[in-house]
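Notes for the one structure printed next.
Values quoted throughout were computed directly from the atomic coordinates according to the rules given, and no laboratory measurement underlies them. Being a predicted model, the structure only gives us computed values, none of them experimental. Neighbour counts run over all protein chains shown; Cβ positions are idealised from the backbone, glycine included.
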Amino acid sequence: MAKPPDKKTGDKKKQPERRKYTASASAVARSLVTPAMRAKGFAQIEVVTRWAHIVGPELAASTVPVSLRFPRGERMGATLVVRCESAFAPLLSHKAGRVIEMVNSFFGYAAVAKLEVKQGPLPARTHKALLEKKPLSAEASQNLHTLVGDGELSPLREAVKSLGEYVFSGTKKDQ
């Protein structure tokens, strides 16, 4: 009869430990998406996911980053390839210096040296409908006032108050 493995000497193969917590969906998705994005040349996936934050809403509405190509073995002097509608290409070419400056300030160093403009159709975008706030009842207004406070509100408290007005009013997005 086989002898059970000794716990002190560790005769048995060590089993991988199970995590005792849940992982966020973004962390799991990032682990799956990052290799695909690296294959396209995006060393940092945030260039794609935060494009509107990097270049601003006006440029982001008419452009999409396609790839970021670094010279072999280098982490500076990359070429950023951006797709835009054909009518917008001359304007983007004119603003190339500014776009490079904005991307480099996002990276924190001179990662991008050149902007290459590709003309082509952009993916269809969904427009989010703005929600309208319904008037609050007296009780809901009092609850919000109790939670947020009164007097001059900080920007964070203003945001919480605005969110609270949506929540307490029962405003729902149309499906």
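Quick notes
- Taking the charge dipole of the range 26-119 about its Cα centre, with +1 at Lys and Arg Cβ atoms and -1 at Asp and Glu Cβ atoms, the residue from GLY108, PHE88, ALA61 reaching farthest to the positive side is GLY108.
- Between ARG72 and GLU132, residue separation times 0.36 nm minus the direct Cα-Cα distance comes to 16.4 nm.
- Residues ARG30 and ALA124, FRET efficiency given R0 of 25 Å [Cβ-Cβ distance, rounded to 0.05]: 0.55
- Förster-model FRET efficiency, 41 Å R0, ARG157 and ARG98, C-beta, rounded to 0.05: 0.70
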